[in-house]
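Scroll down for the structure; my scribbles are underneath it.
Nothing in this text is a laboratory measurement; each read-out follows from the coordinates by a stated rule. Just so it is clear, the model here is predicted, and its values are computed rather than measured. Cβ placement follows ideal geometry from the backbone for every residue including glycine, while neighbour counts extend to all protein chains displayed.
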Amino acid sequence: MSTMTTPFQTFSLQGRRALVTGASSGLGQHFATTLATAGAEVILAARRLEKLEECVTRIRHAGGTATAVAMDVCNRDSVAAALDSITPPDILVNNAGVTHTGRALDINDDDWNAVLDTDLKGAWIVAQETARRMVAAGNGGSIINVTSILANRVAGGVAPYSAAKAALAQVTRSLALELARYNIRVNSLAPGYIVTALNQEFLASEAGERLCQRIPTRRFGTPEDLNGPLLLLASDAGAHMTGSEIVVDGGHLCSSL
């Protein structure tokens, strides 16, 4: 009797290894937990190991497999050392990022460099070093760059962040073109406003409520809203997707100006 693969089985990550950067808090921890729940062996990466251990413990207690590795995405030697200490991953979630809020006329070079070094250069270093090891292993893989709807639309006070995410979206397409021959898919996940511990106070304020009224669904996203898109890009369910961008924003990008 032949066996059939159900559509849901193609989302499984059993037997896969996933590296998540910026995994010490927020969406990074959520992404790591989601991938582990789908069956992946997860490696959580951030600069400070102690901030990763709590999430690693939670994943293990839930029956998943997780380890932590120290990595400074802005430092190529740190990235290379971290990758050389683990088995090459099949999946990379390039999530590490920072932002700076300030008027364009007030932003100084240090502010600009801090954001671009992490959000663009850091993402490039991690993607490049991971891809090199994926190519050497010969098993293909999936690279998911976390961008933002601010790669496509403009908001005041976040010029460096918007520039970095817009550039990362183009880097995603460039890598997708060049790495397809190695069976490495490269896509971007572009969240809108997602409620996390870092922004929940602002999003609950009067200013946040005004922002919410500009979203067609009239609500902010939750980390869980990103689960399906993340698993689609990470798994065989998205096997023919590369160079794509999945926007998860409640219709914010298509709202009227």
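See the values below:
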read-out	value
Enumeration of residues in region 196-223 that are in contact with a helix residue (DSSP H, G or I) (Cβ under 8 Å, 6 or more places away or on another chain) and part of a helix (DSSP H, G or I)	Phe202, Leu203, Gly208, Leu211, Cys212, Pro223
Flag for Ala176 being within 24 Å of Asp111 (Cβ to Cβ), hydrophobic (A, V, I, L, M, F, W, C), out of contact with any helix residue (DSSP H, G or I) (no Cβ under 8 Å at 6 or more places or on another chain) and outside any strand (DSSP E or B)	no
Checking Arg17 against (1) touching a residue at least 60 places away in the same chain (Cβ under 8 Å); (2) over 19 Å from Ala127 (Cβ atoms), the condition it does not meet	(2)
Residues that are touching a helix residue (DSSP H, G or I) at 6+ places or on another chain (Cβ under 8 Å) and charged (D, E, K, R), drawn from region 154-173	Lys165
Members of region 173-201 found to be of a type outside the set (A, V, I, L, M) and under 19 Å from the mean Cα position of the chain (by Cα), listed by number	Arg173, Ser174, Arg185, Asn187, Ser188, Pro191, Gly192, Tyr193, Thr196, Asn199
Positions within region 226-249 being buried (at least 20 other Cβ atoms within 10 Å of the Cβ), among the small types (Gly, Ala, Ser) and assigned to a loop (DSSP other than H, G, I, E, B), in sequence order	Ser235
Matching strands (runs of 3 or more DSSP E) fully within region 17-135 where at least 1 residues are under 16 Å from Leu168 (Cβ atoms)	17-21, 91-94
Qualifying residue in region 148-155 (condition: out of contact with any strand residue (DSSP E or B) (no Cβ under 6 Å at 6 or more places or on another chain), among the polar types (S, T, N, Q), in contact (Cβ under 8 Å) with a residue 60 or more places away in the chain and not in a helix (DSSP H, G or I))	yes
